[in-house]
Amino acid sequence: MHYQNEVVMRAFRLYAELARSGVVEREGLQQYLADDGVRGLVDQFAREVDCLTLTAGDQLFLIPLVRLSPFHVSNEYLKRTYMRGQAVNADLYLMYVAIIVFVGAFYNSYLSMEPTRDFIRVEDWLLLVQERIDGLKEHDPEELREYEKQFSYNWTAIIEKWDAMDDIKETAKRQSGNTISRFSFMDTVKRLLLAEKLAEEVGENELAMTEKTRIIVQRYFMELQYNRGILQFLYQFEEDRQAHFTQEEERTGAIHSQD
């Protein structure tokens, strides 16, 4: 398709802004939406670098789809920007789990496509992470090592990292250097979510998902090709318990109906 030079330049300026900051504000979004040619070119530029464009509210975002995308956030960047100097890969894996649990808290553990709550307190989020860690511990150690190969997540290191943190105080036991408390760790993850516009603070220690996050979750995050089955793995024990609870309720109801 042949595009006029003006259309190409407008599209390139929008893409350049997306590439630089990851987001375009209202005026740029209006240009993107108003012109099919501009929109098509910007989307094409994004695909060339393994990204997609996503509109949320009054903003246009550039979202990397694969790890090899030049816009993918690297582990080293996360360590350098959000974590303490002695952070290791286990800290990052635990951070990823905390983010997955944060999203799961709004979607009834991924059993629904629409959010089931408006916000979550950081304390409640921490307790949900504890539940997931406890769920990981229910696996046989040998089985857990097999899952580590399957998902490229060191689940054993995640458990050990969480257990080494103190519940409340900063007087955590030492493990390869100073270890922070669980509340401090959750605050670190919170800062990342706020900085990346994946969450917004709606009250003291109360977090809500942004529209950007809701759209990403609904369109991509629940698809197996993107989460690689990690969601099912983390929540399978809860789903089994819920299924068992439902069966027990049905059995009890049947007994009462016979009476």
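The values are calculated or read from the model by the stated rules, or taken from the named source; none is laboratory data. Fair warning: this is a prediction, and the values are worked out from it, not measured in the lab. Glycine also receives a Cβ, built like all others from the backbone with ideal geometry; neighbour counts cover every protein chain displayed.
Just one of (1) under 25 Å from the mean Cα position of the chain (by Cα); (2) at negative phi fails for Gly57. It is (2). Taken over region 130-161, the criterion of being among the small types (Gly, Ala, Ser) and surrounded by fewer than 16 Cβ atoms within 10 Å (Cβ to Cβ) is satisfied by Ser152 alone. Do we find that Pro115 is loosely packed, with under 12 Cβ neighbours inside 10 Å and either of a type outside the set (Phe, Trp, Tyr) or modelled with pLDDT of 85 or more (or both) in this structure? No.
For every residue, the table says whether it meets (1) aromatic (Phe, Trp, Tyr); (2) assigned to a helix (DSSP H, G or I); (3) at pLDDT below 90; (4) not assigned by TED's automatic domain parsing to the domain that holds Glu148.
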{"position": "Ala11", "(1), (2), (3), (4)": "no, yes, no, yes"}
{"position": "Leu18", "(1), (2), (3), (4)": "no, yes, no, yes"}
{"position": "Val38", "(1), (2), (3), (4)": "no, yes, no, yes"}
{"position": "Thr55", "(1), (2), (3), (4)": "no, no, no, yes"}
{"position": "Arg84", "(1), (2), (3), (4)": "no, no, yes, no"}
{"position": "Met95", "(1), (2), (3), (4)": "no, yes, no, no"}
{"position": "Ile99", "(1), (2), (3), (4)": "no, yes, no, no"}
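Scanning region 20-34 for residues that are outside any helix (DSSP H, G or I) and surrounded by fewer than 16 Cβ atoms within 10 Å (Cβ to Cβ) turns up just one, Glu25.
Among the residues of region 164-191, those that are within 18 Å of Leu92 (Cα to Cα) and at pLDDT below 65 comprise Gln175, Ser176, Gly177, Asn178, Thr179.
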